[in-house]
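Participant: Here it is, the structure in full.
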């Protein structure tokens, strides 16, 4: 029965992927991509990896879908034409070759067993109960630190696209919500709920699935809805308070990591203090991730003139 | 679940192939970004499926995949805003070298067609 | 412990400085300067410590492989850390006067610090996935710099860059997934200790991905427009430093992590691609009318030199003095290319500011108005051509000697051909600069002209100081490249 479920799920994933890539019309392709992302998140649920399922649904399908929809609208305004897929034997063979070789090697070469044992043995010393959080914020904290910086680098690259004269303008496209409309009603209702969910995801991440990135994404979504409805003014890229929000998480992470030098080593979290240190980092990181993601979706400052 | 793991490994490999194919044959920039994301999620799924054992996935690949998803989002955001800006300047959503039908137009690339 | 603190300064310092630049706005360049001074001191401490006690290893968080991430500053890493801090410092001095608008300033200073931090992180990391995250950070900061360019082609160049980079990183990551499956670890040394049936495919995928990111021929199409289109001080960073990160990763994979998975034919293919890069980059450079495009194609060619090393270090001669010479020669070549290429791009930056163009025709007679920078350009060009006295010459000499000693003279001849091509494509800008024509130019502060001159002198000095460089590179070198001595 479960194998049958997985069979259907895999078929859906492949169909949605094909429709997203080869389907007619950019808007439709994007919708299929979001559907695809949801099936992939389901696959992660089936594998019992709820942390990844949450990340895939919120970031891989949700935020990526939002970015794609924004890009589709922008391309339409720019009048960029669409055109059909080019056929060709060589690309098809190359793609099939890589996929076939990968699948073959993955199935035929015996696995080395991964790091289950090592992670399990080290978990009691990590300060958290969720092994995925332990890997992210303790065993491989350097990856996660760099990853939070990657988001910031992406935002700088997006801001680099502003035209010189637009730097003083607020970020994102001009937004108008009808006063008293559905969006505004939703925007008044959703943020409190969203903030609770976001904070819960971070808090729960220590012992259950969730964490700074998933929680930050939910908070970013709340902020975006509030901005869409006009309840929050969009900031300018040179806003000092927003820049502080962007920098706070990575800065706290860097300082806590450096303080490890006094405690015995770079990025070292002594078991007795690990929980407090990790939670401190996570709180600030969530704030910064939420700010960075929201600004990434809003994009560079854009002119306010009416079309 | 062992049978399902094989199924997921095969599906993930196929997703990588589909995405790669899309990336190679598409000239439309937004579709290429989309294809990139299909390759990415297929690759992550492969990582997870290979780490599956008795009811869960090796926590290390899980953490790496979460990092990978965030990095992919960052790259996607940069690419998509670049595509939008490029289209606003040129009225096109493909790079000059990928335009098959109007090769002669190449010298005037940058102007509106 | 001193070594660990020095590494912390080089890894966390630039990232903290980037956050500081973001908050400081107008004072961004001051924050960057403080980080650079601290970084330079840290490089000196690391270099000294390493020569006394060998490579410095740090197990982050105290975990160690396979669960945690290990960093190691070996000779190769410290050499690149030093080259990076020198180039960053020179770029700082010139960029301080460019990037005057709020947008350019607010993007450039944090991005340049992130770029430096990413480079440092890659040079010392021993973990395949950590290297991936570092490489992504490096790429995104590089794309931000290209997008800062004002020319009409800058957006297109940044877009092409990001597309190539996206695919390159996924192909690399696919290889990493297979390595983890087969080895159960991501640590370079632990991978080297075992074998897996997945190695060949994994290495092939990782190599393809990194070749795209390093702009190895024929995956180089993204590089010339990006490096020519970025603001010139940024071009200096992009051309001198960024492609070296992928190269170092390739070297670590081929000679440290999987030395047994690389058949002689594969080593020869890498060198053949390098030869293709030398010829194609050189010929394309000959055909350009703009200085920055000549310099960008020159980078394509010079990156090719680095790959000629592969069959010399890893082939039948592995472990001999010849292999050690090829190893040292190639890395010295990479360092001197970093210094000399940064020098010529900074010259271009000064000249574009002075005359508003980098067309060869517009550069005519510039040597009379700006003699110092034109002299610096000439000296750096000498190093890039591989003529004595320069680091470029010693590099080429060592690799050529190795190729003759190992009975593979063909690869040495490729280097010689590359030198001739470089002389040819540098002739035209040099002829224009020193032409007997009155230049039309605004005055530039002499002090600024001294910046590229200092870099060019450093590239020349590498030719004299090849012995210390050789000793440095032997520290922690893989067994393949540990010879008896030059």
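Participant: Quick one: which helices (runs of 4 or more DSSP H) sit completely within the range A:1-59 and have at least 2 residues that are under 15 Å from residue B:9 (Cα atoms)?
Facilitator: Answer list for the range A:1-59: A:2-22, A:26-46.
Conditions tested, residue by residue: (1) more than 10 Å from every other protein chain (Cβ to nearest Cβ); (2) part of a helix (DSSP H, G or I); (3) crowded, with 18+ Cβ neighbours inside 10 Å; (4) modelled with pLDDT of 95 or more.
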residue	(1), (2), (3), (4)
A:247	no, yes, yes, yes
A:262	yes, yes, no, no
A:280	yes, yes, no, no
A:297	no, yes, yes, no
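Participant: Return the only residue of A:113, A:88, A:97 being modelled with pLDDT of 95 or more and surrounded by fewer than 18 Cβ atoms within 10 Å (Cβ to Cβ).
Facilitator: Step by step, each of A:113, A:88, A:97 is checked, and only A:97 is modelled with pLDDT of 95 or more and surrounded by fewer than 18 Cβ atoms within 10 Å (Cβ to Cβ).
Participant: Being more than 7 Å from chain A (Cβ to nearest Cβ) and within 21 Å of the chain's Cα centre (by Cα) is the filter here, so list the residues in the range B:46-60 that pass it.
Facilitator: Selection gives B:47 alone.
Participant: Now, a different point. Only residues that are within 18 Å of residue A:216 (Cα to Cα) and either part of a loop (DSSP other than H, G, I, E, B) or touching a residue at least 60 places away in the same chain (Cβ under 8 Å) (or both): list them for the range A:249-260, please.
Facilitator: A:249, A:250, A:253
Participant: Could I ask something else about it? Output the number of residues of the range C:180-208 satisfying the condition of being within 25 Å of residue C:273 (Cα to Cα) and either more than 25 Å from the chain's Cα centre (by Cα) or within 10 Å of chain A (Cβ to nearest Cβ) (or both).
Facilitator: Number satisfying all stated conditions: 8.
Participant: Still on this structure, I have one more. Of the conditions (1) over 30 Å from residue C:206 (Cα atoms); (2) at the interface with chain B (Cβ under 8 Å from one of its Cβ atoms); (3) without any contact (Cβ under 8 Å) to a residue 12 or more places away in the chain; (4) buried (at least 17 other Cβ atoms within 10 Å of the Cβ), residue A:81 satisfies every one except a single condition; which number is it?
Facilitator: (4)
Participant: Could you tell me whether residue B:72 is facing chain A (nearest Cβ under 7 Å) and either within 11 Å of the chain's Cα centre (by Cα) or within 30 Å of residue A:286 (Cα to Cα) (or both)? Reasoning before the result, please.
Facilitator: On the way: facing chain A (nearest Cβ under 7 Å): no; either within 11 Å of the chain's Cα centre (by Cα) or within 30 Å of residue A:286 (Cα to Cα) (or both): yes.
Against the criterion (facing chain A (nearest Cβ under 7 Å) and either within 11 Å of the chain's Cα centre (by Cα) or within 30 Å of residue A:286 (Cα to Cα) (or both)), residue B:72 does not qualify.
Participant: Please specify each residue of the range A:98-130 satisfying the condition of being touching a strand residue (DSSP E or B) at 6+ places or on another chain (Cβ under 9 Å) and in a helix (DSSP H, G or I).
Facilitator: Across the range A:98-130, the qualifying residue is only A:116.
Participant: Another question about this same structure. Residue C:64: surrounded by fewer than 18 Cβ atoms within 10 Å (Cβ to Cβ), more than 8 Å from chain A (Cβ to nearest Cβ) and under 30 Å from residue A:121 (Cα atoms), yes or no? Write out each step before concluding.
Facilitator: Details: surrounded by fewer than 18 Cβ atoms within 10 Å (Cβ to Cβ): yes; more than 8 Å from chain A (Cβ to nearest Cβ): yes; under 30 Å from residue A:121 (Cα atoms): yes.
It is true that residue C:64 is surrounded by fewer than 18 Cβ atoms within 10 Å (Cβ to Cβ), more than 8 Å from chain A (Cβ to nearest Cβ) and under 30 Å from residue A:121 (Cα atoms).
Participant: Something else: Does any residue of the range C:146-159 turn out to be free of Cβ contacts under 8 Å to residues at least 60 places away in the same chain and either more than 8 Å from every other protein chain (Cβ to nearest Cβ) or not in a helix (DSSP H, G or I) (or both)?
Facilitator: The answer is yes, given that some residue of the range C:146-159 is free of Cβ contacts under 8 Å to residues at least 60 places away in the same chain and either more than 8 Å from every other protein chain (Cβ to nearest Cβ) or not in a helix (DSSP H, G or I) (or both).
Participant: Next question. Residues C:115, C:163: which one is assigned to a helix (DSSP H, G or I), within 12 Å of chain A (Cβ to nearest Cβ) and within 26 Å of residue B:36 (Cβ to Cβ)?
Facilitator: It is C:115.
Participant: Residue A:231 is checked against (1) in a helix (DSSP H, G or I); (2) touching a helix residue (DSSP H, G or I) at 6+ places or on another chain (Cβ under 9 Å) and fails just one. What number does that condition carry?
Facilitator: So residue A:231 meets the others, but not (1).
Participant: Let me ask something else about it. Which of the residues spanning the range C:16-40 are surrounded by 21 or more Cβ atoms within 10 Å (Cβ to Cβ) and closer than 15 Å to residue C:81 by Cα?
Facilitator: C:35, C:36, C:39
Participant: Separate question: Given the criteria modelled with pLDDT under 95 and in a helix (DSSP H, G or I), does residue B:87 qualify?
Facilitator: yes
Participant: Given the criterion within 12 Å of chain A (Cβ to nearest Cβ), over 21 Å from residue C:131 (Cβ atoms) and assigned to a helix (DSSP H, G or I), identify the matching residue among C:13, C:89, C:25.
Facilitator: Values: C:13 fails: over 21 Å from residue C:131 (Cβ atoms); C:89 fails: within 12 Å of chain A (Cβ to nearest Cβ).
Residue meeting the stated conditions: C:25.
Participant: Within the range A:264-271, does at least one residue satisfy the condition of being in a helix (DSSP H, G or I) and farther than 18 Å from residue C:117 by Cβ?
Facilitator: Yes: one or more hits.
Participant: Further question: Within the range C:166-213, count every residue that is farther than 20 Å from residue C:68 by Cα and not in a helix (DSSP H, G or I).
Facilitator: Summing the residues that are farther than 20 Å from residue C:68 by Cα and not in a helix (DSSP H, G or I) in the range C:166-213 gives 4.
Participant: Can I ask one more? What residue, among those in the range B:1-18 that are touching a helix residue (DSSP H, G or I) at 6+ places or on another chain (Cβ under 7 Å) and more than 7 Å from chain A (Cβ to nearest Cβ), is modelled with the lowest pLDDT?
Facilitator: Filtering first and then ranking leaves B:5.
Participant: Taking the range B:20-44, which residues are without any contact (Cβ under 8 Å) to a residue 60 or more places away in the chain and within 7 Å of chain A (Cβ to nearest Cβ)?
Facilitator: Of the range B:20-44, the ones without any contact (Cβ under 8 Å) to a residue 60 or more places away in the chain are B:20-26, B:31-44.
B:20, B:21, B:22, B:24, B:25, B:26, B:31, B:34, B:35, B:37, B:38, B:41 - these are the residues of the range B:20-44 that are without any contact (Cβ under 8 Å) to a residue 60 or more places away in the chain and within 7 Å of chain A (Cβ to nearest Cβ).
Participant: Hey, among the residues in the range C:41-57 that are in contact with a strand residue (DSSP E or B) (Cβ under 8 Å, 6 or more places away or on another chain) and surrounded by fewer than 23 Cβ atoms within 10 Å (Cβ to Cβ), which one's nearest to residue C:189 (Cα to Cα)?
Facilitator: C:57
Participant: Can I ask one more? How many residues are at pLDDT below 90 and crowded, with 23+ Cβ neighbours inside 10 Å when one looks only at the range C:430-462?
Facilitator: Adding up the residues that qualify gives 0.
Participant: Within the range A:44-52, is there a residue that is modelled with pLDDT under 95, buried (at least 18 other Cβ atoms within 10 Å of the Cβ), within 28 Å of residue A:80 (Cβ to Cβ) and in contact with a helix residue (DSSP H, G or I) (Cβ under 6 Å, 6 or more places away or on another chain)?
Facilitator: no
Participant: Would you tally the residues in the range A:84-97 being at the interface with chain B (Cβ under 7 Å from one of its Cβ atoms) and part of a helix (DSSP H, G or I)?
Facilitator: Adding up the residues that qualify gives 5.
Participant: Would you mind stating whether residue A:140 is free of Cβ contacts under 8 Å to residues at least 12 places away in the same chain and either more than 7 Å from chain B (Cβ to nearest Cβ) or closer than 13 Å to residue B:60 by Cβ (or both)?
Facilitator: Numbers: free of Cβ contacts under 8 Å to residues at least 12 places away in the same chain: yes; either more than 7 Å from chain B (Cβ to nearest Cβ) or closer than 13 Å to residue B:60 by Cβ (or both): yes.
The answer is yes for residue A:140.
The values are calculated or read from the model by the stated rules, or taken from the named source; none is laboratory data. Nothing here was measured: the structure is a model prediction, and the numbers come from that model. As a convention, Cβ positions derive from the backbone with ideal geometry for all residues, glycine included, and neighbour counts pool all protein chains shown.
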